[in-house]
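Input: a single structure, listed below in structure tokens.
Laboratory data are not the source of any read-out in this text; all were calculated from the coordinates shown. Note that this is a predicted model, so its numbers are computed, not measured. For neighbour counting, all protein chains shown are included, and Cβ atoms are generated from backbone atoms with ideal geometry for every residue, glycine included.
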Amino acid sequence: MILEVKNLIKEYIQGDDLTRVLDDVNLSVTNGEFIIITGRSGSGKTTLLNIMAGLTFPSSGKVLFSGQDIFSLTDKELSAYRNSKIGFIPQVSSVLSNLTVLDNVRLPFFLMKRQGDPTGEAVKILGMLGIEKLMEKSPKRLSGGQLKRVAIARAMINKPDFILADEPTSDLDDQTAMEIIKVFTELAVNGTGIIMITHDLETLGHANKQYNLIGGHLT
Ligand SMILES: Nc1ncnc2c1ncn2[C@@H]1O[C@H](COP(=O)(O)OP(=O)(O)OP(=O)(O)O)[C@@H](O)[C@H]1O
Ligand SMILES: [Mg+2]
């Protein structure tokens, strides 16, 4: 499995100006690889990840999943890509406050027809992330770091080929952050591709490759 970004350009209209946030970005990640993307605030990291997740259209260029351009897929196929092939951890919380923690984590499992034991799997993942005791709680009663871990668990439930994580450790203390990195490292060893955006310099040593987004270019 391979996730590729080819000649990606993204421009936004800001006021009267057209700003080019991504300027010919190329990237290739295979499953089993753990890559980290750093860059100043506003450099376009979230924009890049959102495009790779099929959430934002590029101005030009392609995102290829196993050679297939995700923006040429039908809506239904793109939904299947987002639900099954990738796990997306957004920068801002997207945990649903009217569901319990357990139901939040199980939700992506039920969005498509599939076989398995979502409850057992969810409990296992919550345990790996150290929040199994919060299972029956409402997200309204959780801390920022606990909510982040619910979002991480939800991204893992369908055993995606790639995890796209936008600053997953930003609300966590050093020790909890390291535990998340350990979980990601283990997933990578078992064949998941990890693409992680971070400002957390201590995590860099754990990745196979590190990129910096600067001036619209990935170096
Ligand atoms: N929908 C949008 N419309 C217009 N401009 C946008 C839009 N989304 C992002 N931008 C602009 O694109 C640039 C990159 O934003 P982005 O969120 O990708 O940065 P980032 O590297 O993730 O920053 P941070 O580290 O603060 O999260 C910023 O200048 C931002 O204002
Ligand atoms: Mg961002």
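Over the range 142-202, the Kirkwood radius and the radius of gyration, each from Cα atoms, give a ratio Rg/Rh of 0.93.
Take every Cα pair under 8 Å in the chain that's 6+ residues apart, average their separations, divide by the length, and report that relative contact order as a whole percent. Spell out each step's value before the answer.
Values: 417 pairs, mean separation 68.1, N = 219.
Relative contact order comes out at 31 percent.
Label positions at Asp17 and Lys159, each projected 7 Å from the Cα along the C-beta direction, are separated by 4.9 nm. Length available on full extension from Ser84 to Thr30: 0.36 nm per residue minus the Cα-Cα distance, which gives 17.8 nm. Cross-linked pairs Lys62/Lys209; Lys45/Lys209; Lys6/Lys76: Cα-Cα separations exceed 18 Å for Lys62/Lys209; Lys6/Lys76.
How big is D, in µm² s⁻¹, for the range 55-142 by Stokes-Einstein at 20 °C and 1.002 mPa s if Rh is the Kirkwood radius over C-alpha pairs?
It diffuses with D of about 142 µm²/s by this estimate.
Largest mean-square fluctuation among Met196, Met156, Met178, in a Gaussian network model of the chain whose springs join Cα atoms under 10 Å apart, belongs to Met178. Using only Cα atoms, locate the centre of the range 155-218 and the centre of the range 35-112, then give the distance between them in Å, rounded to an integer. What the calculation gives is 15 Å, centre to centre.
For the chain, a Kirkwood hydrodynamic radius built from all Cα pairs, placed in the Stokes-Einstein relation at 10 °C and 1.306 mPa s, yields a translational diffusion coefficient of 89 µm²/s.
Entry note, the chain: the mean residue ellipticity at 222 nm calculated from DSSP H runs of n ≥ 4, each adding -39500 (n - 2.57), is -9000 deg cm²/dmol after division by the residues and rounding to the nearest 500.
Between His217 and Arg114, the simple spin-label model (points 7 angstrom out along Cα→Cβ) gives 3.9 nm. Sorting 14-24, 44-54 by their mean Cβ neighbour count within 10 Å, with the most densely packed peptide first, gives 44-54, 14-24.
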